[in-house]
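Right, one structure below, let's go through it.
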Amino acid sequence: AAKAAGRNGFSFFTPSLQVEAQRRQQVGNSLRHALRDNHFEAYYQPIIALDSGRAVKAEALLRWRHPEQGVLLPGDFIAVAEEIGMIGDIGNLVFQQTLELLEAWPGGQVSINISPRQFISGDCRHWLQEIAARQLPAGCLAVEITEGLLLDERPLVVNTLLGFHQAGVEVSIDDFGTGYSAMSYLKKFNIDYLKIDRSFIAGLARDNTDHAIAEAVIAMAHKLGMRVIAEGVETEAQRQLLLEAGCDYAQGYLFARPMPRQDFIDFIRSSQCRVAAGGND
Ligand code: C2E
Ligand code: MG
Ligand code: MG
Ligand code: MG
């Protein structure tokens, strides 16, 4: 009986691994086609200064316009892109599209997510030169990295991060609170922003623990000279609590969803008109 079960277990397991491998290969092939056919597009989500209510920054969020399946989210394909060594090319595409936006948005700042593998491959170090070549200020760019990367002490990681900082590119810790939270890295690197993960914001108005965590993160960040961005803000109650807690910036569906570049430019222009017209409450 034990033998049969073992055999069953084995035969049950193998096909699913095969199916998974096949699926990855298929996704990999269509990723290569998508890159060739320009089906990747960066969307932009406004980041709002909570005190003024104005959209002063944005986050670039990658989308794949799939001819049959519609718009696909990064969760569906980033991991495969990393595995097959395509994340560098895709990341450069996001950067190039973002340069176009920045040229149309003087004074704006866009932050770009860099996955650990992309960061370690070093594919983004030439970004500094390209920004300078377009006569854009380095501060128009911010990069979002995760806590795990900061535990990596290899010179490439440390030097790239310090290089960004020295040039004036701002650095955010994404999904803060969900990773290792070793926090000693906060002393070693010059981090500009902590982004409080959406999972804490979701419970803000009804869960005392989430509220306490958000307040503590904001207080700590400010004492260490960092600013805080709350992600996934969906309700007016959350906005109000964050404002009271002294949070600096927020992004989320309450304000706007990620949108294509031209829609974002229109969004910025119309919100500037509202401010110019005196509607600043
Ligand atoms: P992230 O950097 O933490 O991005 C925030 C995610 O929350 C985005 O999901 C955004 O669309 C979503 N979001 C924003 N506001 C709300 C809200 O109010 N409610 C809810 N429920 N969700 C909200 P998205 O676009 O699916 O991206 C998922 C992750 O994929 C990102 O998480 C980031 O880690 C990664 N990613 C996105 N673009 C890129 C890229 O160009 N390069 C790399 N390496 N990773 C990327
Ligand atoms: Mg991010
Ligand atoms: Mg995030
Ligand atoms: Mg997140």
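Which condition breaks for M220 when tested against (1) surrounded by 13 or more Cβ atoms within 10 Å (Cβ to Cβ); (2) out of contact with any helix residue (DSSP H, G or I) (no Cβ under 8 Å at 6 or more places or on another chain); (3) on the phi > 0 side of the Ramachandran plot?
That leaves (3) as the condition not met.
Quick check on my filter: what residues within the range 226-252 are within 15 Å of ligand 3 (Cβ to nearest atom), under 14 Å from A55 (Cβ atoms) and either open to solvent by 40 Å² or more (accessible area, probe 1.4 Å) or of a type outside the set (A, V, I, L, M, F, W, C) (or both)?
Y249, Q251, G252
Could you list, in sequence order, all residues of the range 54-93 that are in a loop (DSSP other than H, G, I, E, B) and either surrounded by fewer than 18 Cβ atoms within 10 Å (Cβ to Cβ) or at pLDDT 95 or above (or both)?
Listed by number, the residues that qualify are R54, P67, E68, Q69, L73, I84, G85.
From the list A202, A212, exactly one residue is more than 28 Å from D152 (Cβ to Cβ), surrounded by fewer than 18 Cβ atoms within 10 Å (Cβ to Cβ), within 13 Å of ligand 1 (Cβ to nearest atom) and of a type in the set (A, V, I, L, M, F, W, C). Which is it?
Only one candidate qualifies: A202.
With respect to F176, determine if the residue is closer than 28 Å to S115 by Cα and touching a Lys or Arg at 6+ places or on another chain (Cβ under 8 Å).
In short, yes.
Failed condition for D175, given (1) more than 16 Å from ligand 3 (Cβ to nearest atom); (2) among the charged types (D, E, K, R); (3) part of a strand (DSSP E or B), with all others met?
It is condition (1) that D175 fails.
R198 is checked against (1) within 16 Å of ligand 3 (Cβ to nearest atom); (2) in contact with a helix residue (DSSP H, G or I) (Cβ under 9 Å, 6 or more places away or on another chain); (3) within 23 Å of L61 (Cβ to Cβ); (4) touching a residue at least 24 places away in the same chain (Cβ under 8 Å) and fails just one. What number does that condition carry?
It is condition (2) that R198 fails.
When you go through G163, G148, G139 one by one, which is the residue that is in a helix (DSSP H, G or I), farther than 15 Å from V228 by Cα and within 16 Å of ligand 3 (Cβ to nearest atom)?
G148
Name, by its number, the condition in (1) modelled with pLDDT of 95 or more; (2) open to solvent by 50 Å² or more (accessible area, probe 1.4 Å); (3) not charged (D, E, K, R) that does not hold for P155.
Condition (1) is where P155 drops out.
The values are calculated or read from the model by the stated rules, or taken from the named source; none is laboratory data. Remember, it's a predicted structure, so these values are computed and weren't measured experimentally. Glycine also receives a Cβ, built like all others from the backbone with ideal geometry; neighbour counts cover every protein chain displayed. Heads up: the accessible areas ignore ligands, DNA and RNA and are worked out on the full protein's heavy atoms, side chains in. Shrake-Rupley method; radii C 1.70, N 1.55, O 1.52, S 1.80 Å.
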